[in-house]
Amino acid sequence: MSLLKTFTTSKRVLSQLRHDPRTLVLVLLVPSLLIALLRYVLDGERHTFDTISLVMLGIFPLTMMFLITSIATLRERKTGTLDRLMTMPISKLDFIFGYAVAFSLLGLLQACLASWVTLGLFDVPTKGGAWPVLAVAVLSAFLGTALGLLTSAFASTEFQAVQMIMPFIFPQVLLCGAFVPRDSFPTLLHWISDILPLTYSIDAMQQVVKSSTWTSDLTTDLLAVLGFGVAALIVGSLTIKRQE
Amino acid sequence: MPHSAISIKNASVTIGGFAALKNITVDLPQGQIIGFIGPSGAGKTTLMRGIVGRQKISEGSITVFGQAAGSPPLREKVSYMTQEISVYPDLTVQENLSYFATMFGVSPSAISKTVEEVLAIVQMKDKAGQLVSKLSGGQKQRVSLAVALIGKPLLMVLDEPTVGLDPLLREQLWQLFRELAEKGTTLIISSHVMDEAERCDDLLLIRDGELLAHGSPHDLRVKTHTASVEQSFLALVGSKR
């Protein structure tokens, strides 16, 4: 693996986005606009908004980066560019981490904006402050990128790639404990939610709301999300074959 | 007899139960233009992918410059231009070439010179700042070829590099291929256009995954008592029936 090749790949992926301003605007602004929408939908229920907006800060980066990455990787597979790269002296990890770094940076920008809207503009209270919120959002973006890379291997068309959000992301949203407390789940569902990465993002967000210090639970949660992401990247790298 | 660059021994490829290549054995010479000729679906692309190491060989072996096809040391010596326009449409020509040059291992200080050189060769210097998606089909094809020229590879595997190009440009590219071969580069070029076959040094006629014949255009014409490669191809297909 070479740092030069990894970062050059990240730079290339970001340049592609730079030439696609519409996608860039959608990725950067839409989460903030949705949070603003939510603010006025829940105008009379301030407490509900405070809770849900923070949960959204964990879910938006996951879903958007998941979609972008799975389409981008599928395009590499389909247009012959991956074929070409795999005959060149690069490591598969250069390719994969190149994507992960690029989209995590994009996720960071998105999260900065959305966090500013949530915490600054709408004064949603968090005892833990803005930094842990950003950390959770960036790790969620990284996780989305990793899962997108992995699941794109199971899709052979764009239609399939987009549909992957249903089996891979929606169950995580339902089971993460954001809308229904996990304690009320039947045992089996509780177990399942224990092994789903988004559960840890959302738990981390809830820690930030409750606690004014950086708790060890928060660290554990963040490490769990990071671990799931790295694992998904490694399994994803196995789905990219030098030889077919 | 020139030194052999590629040695293919009893190579067969089966993809999902379909025999894409059937027991191919052939030695290919170094520093020559080798044409893979045959109708589409004949197995030309599969054989090329086998040579660059992208396609797993089910049986037999392919060695390139004495090493197993696709082995790591070969990745700096072999370039591959796929049949698709395998460059990024949402990057400029310049950005594409710089990126692939870095991936091919060109040192950062030499990138801009390398990019300029290959752009000059394919006559696309004036389009360096353009997005690939905005180029015409033939121009995209030339960008893709420029990527294959990066780093002066010893073996260039080009899948239908001249499809869709105007006659003048095709002529210029064949001159380029000839110059490269004279400098020692081995070129493998697939085509289903028979008049291009006449310009190769060495030909493999491929049909239904089988190697019908191998030899120079002259050899093939003499062997089949015909006046052109096209006729010898037809004669060979006819004699198989």
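Any idea what the alpha-carbon Rg over 2.2 N^0.38 Å comes to for segment B:84-152? It would help to have the intermediate numbers written out before the result.
Values: Rg = 10.6 Å, N = 69, 2.2 N^0.38 = 11.0 Å.
The reported ratio for this selection is 0.96.
Please compute the contact order of chain B in relative form: average sequence separation of alpha-carbon pairs under 8 Å and at least six residues apart, divided by the residue count, as a percent. Walk me through the intermediate numbers first.
Details: 442 pairs, mean separation 62.7, N = 241.
Value for chain B: 26 percent.
Projection of the Cα convex hull of segment A:148-207, averaged over all directions and equal to a quarter of that hull's surface, yields 4.7 nm². Charge dipole of chain B (Cα centre as origin; +1 on each Lys and Arg Cβ, -1 on each Asp and Glu Cβ, all else neutral): 380 debye, rounded to the nearest 20.
Taking a ≥ b ≥ c as the square roots of the eigenvalues of the alpha carbon gyration tensor, segment A:162-244 is oblate, as a/c is not under 1.5 and a/b does not beat b/c. When the inverse distances between all different Cα atoms of segment A:104-165 are averaged and flipped, the Kirkwood radius reads 13.1 angstrom.
With viscosity set to 1.567 mPa s and temperature to 4 °C, compute the Stokes-Einstein D of the protein assembly as shown, Rh being the Kirkwood radius across alpha carbon pairs; µm²/s, no decimals.
On the way: Rh = 25.0 Å.
For the chosen part, D equals 52 µm²/s.
Mean separation of Cα pairs under 8 Å and 6 or more residues apart, divided by the residue count, gives segment B:84-152 a relative contact order of 48 percent.
The per residue volume of the convex hull around the alpha-carbon atoms of segment A:1-106 is 97 Å³. Would you work out if segment B:18-143 is rounded, prolate or oblate? Take a ≥ b ≥ c from the square roots of the eigenvalues of the alpha-carbon gyration tensor; rounded if a/c is under 1.5, else prolate when a/b is larger than b/c, oblate otherwise. It comes out prolate by the Cα gyration axes. Loop-located GluC sites (Glu not before Pro) in segment B:1-107 (DSSP state other than H, G, I, E, B) with a sparse environment of at most 16 neighbouring Cβ atoms within 10 Å: B:Glu84. Using alpha carbons only, how many angstrom separate the centre of segment B:150-169 from the centre of segment B:74-144? Result: 12 Å between the Cα centres. Using the alpha-carbon positions of segment A:3-239, Rg (one decimal) and Dmax (whole number) come out as 17.9, 59 Å. With just the Cα atoms defining each centre, how far is segment B:185-229 from segment A:212-236? Give it in Å. Cα centroid of segment B:185-229 versus Cα centroid of segment A:212-236: 59 Å apart.
If you build the convex hull over the alpha carbons only and average its shadow over all orientations, what do you get for chain B? Give it in nm² to one decimal. It would help to have the intermediate numbers written out before the result.
Values: hull surface 53.5 nm².
Taking the Cα atoms of chain B, their convex hull projects to 13.4 nm² on average.
When +1 charges are put on Lys and Arg Cβ atoms and -1 charges on Asp and Glu Cβ atoms, the dipole computed for chain A relative to its Cα centre reaches about 840 debye. Ellipsoid fit via the Cα gyration tensor, segment A:32-93: semi-axes of 42, 11, 6 Å, each the root of five times an eigenvalue, largest first. Classification of segment B:1-45 by its C-alpha gyration tensor yields an oblate form. The axis ratio a/c (a ≥ b ≥ c) is 1.5 or more, and b/c is at least a/b. Springs between Cα atoms under 10 Å define the GNM used for chain B, and in it the highest mean-square fluctuation of B:Pro39, B:Pro89, B:Pro108 occurs at B:Pro108.
Each value in this text was obtained by applying a stated rule to the coordinates, not by laboratory testing. Keep in mind that this is a model prediction, so the values were computed, not measured. In this analysis, Cβ positions are derived from the backbone assuming ideal geometry, glycine residues included, and neighbour counts consider all displayed protein chains.
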